[in-house]
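Below: the structure, in structure tokens.
The values are calculated or read from the model by the stated rules, or taken from the named source; none is laboratory data. Note that this is a predicted model, so its numbers are computed, not measured. Cβ: placed from backbone, ideal geometry, glycine included. Neighbour counts: every protein chain shown. SASA here: full protein model, heavy atoms, side chains in, ligands and nucleic acids out. Shrake-Rupley method; radii C 1.70, N 1.55, O 1.52, S 1.80 Å.
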Amino acid sequence: MRSIAIAAAAMVALSLSAGTTLAQNKKVDKALTYYNSGEYTKCRDMLIKYSADVKDRPTKGLVFFYIGECSRNLSDSRNAERWYKKAVQAKYSNPLATLYLADALKMRGAYEDASAQYSAFQDLMPQDPRGEQGVSDCEKALEWISKPTRHIVFPARWLNDKEADFAPCFGTDSTSIYFTSSREAATGNAQNTNSGMFYTDIFYAEKDKKGKWSIPVPIQGAVNSVSDEGSPYVTPDGNTMFYTSCKNIKNQSLGCRIYMCHQEDGQWTSPEEVVLFQDSTVTVGHPCLSPDGKTLYFSSDYQEGSMGGRDIWKADRIGKNSWGTPVNMGSGVNTAGDDVYPFAADDGSLYFSSNGRGGLGGLDVFRYYKKDGQTLTENLRYPINSAGDDFGYHLYKTYQRGYFSSNRDGSRGDDIYGFFLPPIEVNIEGVTKNEETTVVINDATVQLTGSDGNQIETKSDKNGQFRFKLNENIDYMFVASKSGYLKGIGKETTKGLTENTTLHIEILLTPIAQVVEIENIEYDFNKANLREESMVSLDKLVELLDVNNNITIELRANTDFRGSDEDNMKLSEARAASVVEYLVSKGINPDRLTSRGMGESNPVKVTKKIANKYPFLKEGDVLDEAFINALSNNQDKEICHQLNRRSEFAVLRTDFQEHGIKFGSED
């Protein structure tokens, strides 16, 4: 299948040589000459015909193996599986029969059976990493299928025909598309014995204002011929096309080349070859330009500097149709297998297909990109990838939608599939509670404000619960309010989320009459200077004052009883003043703030919250000098001293209003 899609005739590096294997059997030997020249259809047909005449088991196993090999190179995994299985049953001596049987089973999605064959290959060839890798891939495939990505994949029925359709490419916008097809309307109506398909042409379709696609037709002009043309890339302005052509004369492949042409008055001009390597035997294909048009990406079987199989290369433009020395994309992209069909996205990512990185089966689509100064390569997973070959991925600009090709289960050979990534569904479930008692608060008003300017309001139910639906990549603030309480604040973000998610939040409201401790306020010993770690808590207090802009408060600082009463009072006054000074520096109106030093005069009365944290204390205990001195454990005493050394605030008024004078006012 797909002479352009994989360019099997010219771009496959044969893993075995069959030229002299069966010289004693002239019929089989003749068939294998076709194998060595890449004419897999002829070779397979002849070997199947001759297989009944082969009697001895070793030769029969070898014949079965090469029928499987022909089927594999024709992307016919079902027949490949059948004949590899026959070769294994005939005890063919080459362990590759077991490996390729496992590969064929994996391409059918029979992952458990495939895993068993990979294990068998591992036993035969313990030094070959492909056995262990195959077992791991099968386990991973089952996991990915059970946990698919959010992509929605669907067959592009308006483009597909009963013959092969693949390698889609957008035109000037998402309403026009170019692709490769071997359907009857193609110019070349003969069968390519290398690929098993009819020769391919480049076709075009467009969508009307009502959203209906036209019937695909061959592009007009001098591009399509009786040979294979396909894998088009059209520049965003619609005026230039790069494509692959594999010329054949009397079923003899002349290799694949990249060509460039232009559109004039709806016709594509005579193509001009894009010369990338001086060696005329090198095959190149699958062209794609970078978004700025300065770099050409392509695949090739060029061996010098190759990672193995077909690699992806790039060349920089140095003229209208002249290019610098090609550079291999390296191990971040290329493998010992086949790495093909590059597509350069607007965000700098390079998408490509590979059968050398494991995955779900056959060719999988991968993304190569940079993040935080590192280069990463990731499998797009299921359902973009399948047990079959998935290739020719083409994304529309920066949007998460586009097309790709696949011969997955349900396809008629190679078909084109569309995909889109729906928005992430993010919900948040919250509860409003009394900060002191942790009892739920019902009928509280909860207001959501997003960094996108969106505002929504709801009420907490009888259980104190509320729920919102959130948008992607947004920071959110939640403010809960109820009469008799200070407004409570909560924050969440949907930035960085990649899966449907339900977030959870708890918003605590403090009774206005309650004295509130400002937790984690730290000072140097016997000093009033705030430590840097105190700023986090004070910044939260700034937020609280901003949303409760109608209140005035008294800032209180307390010390433990150690030291003189006079010194403790002075220290606490200075500490309370330092908190006020910080809040004013953050924009809080000084008219809303009063400082008060409490010294050691106000020991803590243990709350339920404190008692839950420190089991040696009971709710209602007062941590005065007598209580602390009665404790036998010095560590417990120090905890009590620490609890007494606290900063807190009390609400004085709830009717504060900002006043200001407008310039130019007559009042």
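Worth a mention:
- Where residue 248 falls short, out of the listed (1) modelled with pLDDT of 95 or more; (2) in a strand (DSSP E or B): (1)
- Of the residues making up the stretch 480-515, those that are open to solvent by less than 30 Å² (accessible area, probe 1.4 Å), among the β-branched types (Val, Ile, Thr) and closer than 30 Å to residue 646 by Cα number 3.
- Look at the stretch 461-490: where a residue is within 22 Å of residue 544 (Cα to Cα) and free of Cβ contacts under 8 Å to residues at least 60 places away in the same chain and a partner is surrounded by fewer than 18 Cβ atoms within 10 Å (Cβ to Cβ) and of a type in the set (Lys, Arg), sitting 6+ places away or on another chain with Cβ atoms under 8 Å, you get 466/459; 474/495; 475/491; 475/495; 476/491; 477/491; 478/491; 489/540.
- Where a residue in the stretch 304-324 is more than 18 Å from residue 286 (Cβ to Cβ) and modelled with pLDDT of 90 or more and its partner, wherever it lies, is hydrophobic (A, V, I, L, M, F, W, C) and assigned to a loop (DSSP other than H, G, I, E, B), with Cβ under 6 Å and at least six apart: none
- Taken over the stretch 306-349, the residue count meeting the criterion of being of a type outside the set (Gly, Ala, Ser) and at positive phi is 1.
- Within the stretch 551-599, if we keep just the residues that are open to solvent by 50 Å² or more (accessible area, probe 1.4 Å) and assigned to a strand (DSSP E or B), the residue that is farthest from residue 529 (Cα to Cα) turns out to be 594.
- Qualifying residues in the stretch 606-643 (those that are surrounded by 13 or more Cβ atoms within 10 Å (Cβ to Cβ) and outside any helix (DSSP H, G or I)) - the one modelled with the lowest pLDDT: 607
- Only one of the numbered conditions (1) loosely packed, with under 14 Cβ neighbours inside 10 Å; (2) in contact (Cβ under 8 Å) with a residue 24 or more places away in the chain; (3) in a helix (DSSP H, G or I) is not met by residue 545, and that is (1).
- Subset of the stretch 644-658 [closer than 11 Å to residue 603 by Cα and open to solvent by 30 Å² or more (accessible area, probe 1.4 Å)]: 645
- Those strands (runs of 3 or more DSSP E) of the stretch 298-362 in which at least 3 residues are under 20 Å from the mean Cα position of the chain (by Cα), considering only elements entirely within it, cover 339-344, 350-354.
- Qualifying residue in the stretch 177-185 (condition: outside any strand (DSSP E or B) and buried (at least 17 other Cβ atoms within 10 Å of the Cβ)): yes
One line per residue, one yes/no per condition, for (1) modelled with pLDDT of 95 or more; (2) within 27 Å of residue 382 (Cα to Cα):
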residue: 35; (1), (2): no, no
residue: 41; (1), (2): no, no
residue: 56; (1), (2): no, no
residue: 60; (1), (2): no, no
residue: 70; (1), (2): no, no
residue: 77; (1), (2): no, yes
residue: 114; (1), (2): yes, yes
residue: 122; (1), (2): yes, yes
residue: 129; (1), (2): no, yes
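- Filtered residues of the stretch 310-347 (kept if in contact with a strand residue (DSSP E or B) (Cβ under 7 Å, 6 or more places away or on another chain) and small (Gly, Ala, Ser)): 315, 324, 332, 337, 344, 345
Let's see how each residue does on (1) in contact with a Pro (Cβ under 7 Å, 6 or more places away or on another chain); (2) hydrophobic (A, V, I, L, M, F, W, C):
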| residue | (1), (2) |
| --- | --- |
| 572 | no, no |
| 591 | no, no |
| 602 | no, no |
| 611 | no, yes |
| 624 | yes, no |
| 640 | no, yes |
| 655 | no, no |
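- Some residue of the stretch 90-98 being part of a helix (DSSP H, G or I), over 28 Å from the mean Cα position of the chain (by Cα) and surrounded by fewer than 18 Cβ atoms within 10 Å (Cβ to Cβ): no
- Among all residues of the stretch 78-88, there is none that is out of contact with any helix residue (DSSP H, G or I) (no Cβ under 6 Å at 6 or more places or on another chain) and of a type outside the set (Lys, Arg).
- Residue in the stretch 104-146 that is farthest from the chain's Cα centre (by Cα), counting only those that are touching a residue at least 60 places away in the same chain (Cβ under 8 Å) and open to solvent by 40 Å² or more (accessible area, probe 1.4 Å): 108
- Across the stretch 420-471, the number of residues qualifying as acidic (Asp, Glu) and under 34 Å from the mean Cα position of the chain (by Cα) comes to 4.
- Test result for residue 214, at pLDDT 95 or above, small (Gly, Ala, Ser), under 22 Å from residue 266 (Cβ atoms) and crowded, with 16+ Cβ neighbours inside 10 Å: no
- Candidates in the stretch 421-433 are the residues that are modelled with pLDDT under 95 and out of contact with any Asp or Glu (no Cβ under 7 Å at 6 or more places or on another chain); of these, the one that is most open to solvent (accessible area, probe 1.4 Å) is 425.
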